[in-house]
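Below you'll find the structure, written out as structure tokens, and then a few comments.
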Amino acid sequence: MTHLITNDFPYTFEKMEADIQELKRDYPDFFQVEIIGESVEGRPLYALKVGTGRAKVLLNGSHHAREWLTSYLLMQMAEAYTQAWSSKENITGFDVRDLLNRASIWFIPMVNPDGVNLVQKGAEATQQPDAVLRFNDYRTDFSGWKANIRGVDLNRQYPAGWETIKPSADSPGPMNYKGPHPLSEPEAKAVYQFTKKHRFHIAAAYHSSGEEIYWKYKIDGNLLAISHEIAKRISEKTSYRLVDPGPDPSGGGYTDWFLTEMKRPAFTPEISPYIGPRPVPVEYYPAIWLQNQSIGLLLAEEASKLLTNP
Ligand SMILES: [Zn+2]
């Protein structure tokens, strides 16, 4: 299998965009692209689709700017599944052609392209360098930045326990500012609307770091039981630890919102051993790929079970 996906780092928005165009050109019958909105600085927000089945899964990455290795991971998954589908290959025991006749896997690989661009290239690469420098207390190192370009944390934008998010910042900055109201930012709003339109059976929001899986937020009964079973399957594949958020979890995240509003399973896998407030070192990537390469397929299989036996 030859890889089209660029493997030099950092993996930028421009490289991702070029890779998307190349996959579309090489696999026109197997790989679909949709633009679901645009970022504050006008970058297109891409959604990619692999598969034709009625069961629907969404995987997204890089809500948080410094976590851009999740975009690369999702792009590599999209490529691997597309190639295996077109050539009738298996991936770690999954019959990809059969599975993708039953399920469709959507990817939004880079929810926060402006933030990723800032982390990788610095303030001068943005449209308003003075504003981002002010949000960063005039520090020129943006490697720990999580927010979008307006200093709003996109994973604190969703209407699920938004009022009580903690800890919280009072004003725009590198992290933890939840914005003036839920969905004030175009990136979160686009993902929200796209999710509601498709009514996905299962979702996963990729983050870093810590090798753990968030899967539980104010759910009970059947949804709690099903979510726990699927979380255990993800844990078996990745070796990541399941997190119990305790009785009073903070909210506002994509997974929190999906669980409570869509009332279907959603997961937040945190790739990489814990590395603190910085991008995941690319040396960790080969292990991350082996742990996660089949997670999209696993979720597609679970989604098709939910469709036939809800
Ligand atoms: Zn994150």
(request) Please verify whether region 116-134 includes one or more residues that are closer than 21 Å to Asn60 by Cβ, β-branched (Val, Ile, Thr) and not in a loop (DSSP other than H, G, I, E, B). (result) yes
(message) Here is a list: Ala131, Ala147. Which entry is at pLDDT 95 or above and surrounded by fewer than 24 Cβ atoms within 10 Å (Cβ to Cβ)?
(response) Ala131
(request) Could you please find all residues in region 241-269 being in contact (Cβ under 8 Å) with a residue 12 or more places away in the chain and surrounded by fewer than 21 Cβ atoms within 10 Å (Cβ to Cβ)? (result) Arg241, Leu242, Val243, Asp244, Pro245, Pro249, Ser250, Thr260, Glu261, Met262, Lys263, Arg264
(request) Tell me, please, whether a residue that is in a loop (DSSP other than H, G, I, E, B) and on the phi > 0 side of the Ramachandran plot can be found in region 24-44. (result) yes
(request) Answer yes if at least one residue in region 172-182 is among the aliphatic types (A, V, I, L, M), within 15 Å of the chain's Cα centre (by Cα) and at pLDDT 95 or above, and no otherwise. (result) no
(request) Could you list, in sequence order, all residues of region 5-33 that are under 28 Å from Tyr284 (Cβ atoms), among the aliphatic types (A, V, I, L, M) and surrounded by fewer than 17 Cβ atoms within 10 Å (Cβ to Cβ)? (result) Ala18
(message) Give me the residue from region 34-68 that is over 29 Å from Tyr284 (Cα atoms) and among the hydrophobic types (A, V, I, L, M, F, W, C) and, out of that set, farthest from the ligand (Cβ to nearest atom).
(response) Ala55
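Can Pro167 be described as at pLDDT below 95 and outside any helix (DSSP H, G or I)? Give the steps one after another, and end with the answer.
Values: at pLDDT below 95: yes; outside any helix (DSSP H, G or I): yes.
It is true that Pro167 is at pLDDT below 95 and outside any helix (DSSP H, G or I).
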(request) Determine which single condition Ser227 fails, assuming it passes every other condition in (1) in contact (Cβ under 8 Å) with a residue 60 or more places away in the chain; (2) under 17 Å from Leu307 (Cβ atoms); (3) not in a strand (DSSP E or B). (result) (1)
(message) If I filter region 200-227 down to residues being charged (D, E, K, R) and in contact with a helix residue (DSSP H, G or I) (Cβ under 7 Å, 6 or more places away or on another chain), which single residue comes out as surrounded by the fewest Cβ atoms within 10 Å (Cβ to Cβ)?
(response) Lys218
(message) Condition first: among the aliphatic types (A, V, I, L, M) and touching a strand residue (DSSP E or B) at 6+ places or on another chain (Cβ under 8 Å). Now tell me which residues in region 1-44 satisfy that.
(response) Met16, Ile20, Leu23, Val33, Ile35, Ile36
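Okay, residues lined up against (1) in contact with a Ser or Thr (Cβ under 8 Å, 6 or more places away or on another chain); (2) more than 25 Å from Lys189 (Cα to Cα); (3) touching a residue at least 12 places away in the same chain (Cβ under 8 Å):
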{"position": "Thr12", "(1), (2), (3)": "no, no, yes"}
{"position": "Lys15", "(1), (2), (3)": "yes, no, no"}
{"position": "Val50", "(1), (2), (3)": "yes, no, yes"}
{"position": "Tyr72", "(1), (2), (3)": "no, no, yes"}
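The values are calculated or read from the model by the stated rules, or taken from the named source; none is laboratory data. Quick caveat: nothing in here was measured; it's all calculated off a predicted structure. Neighbour counts are summed over all protein chains in view; Cβ atoms, including those assigned to glycine, are modelled from backbone coordinates with ideal geometry.
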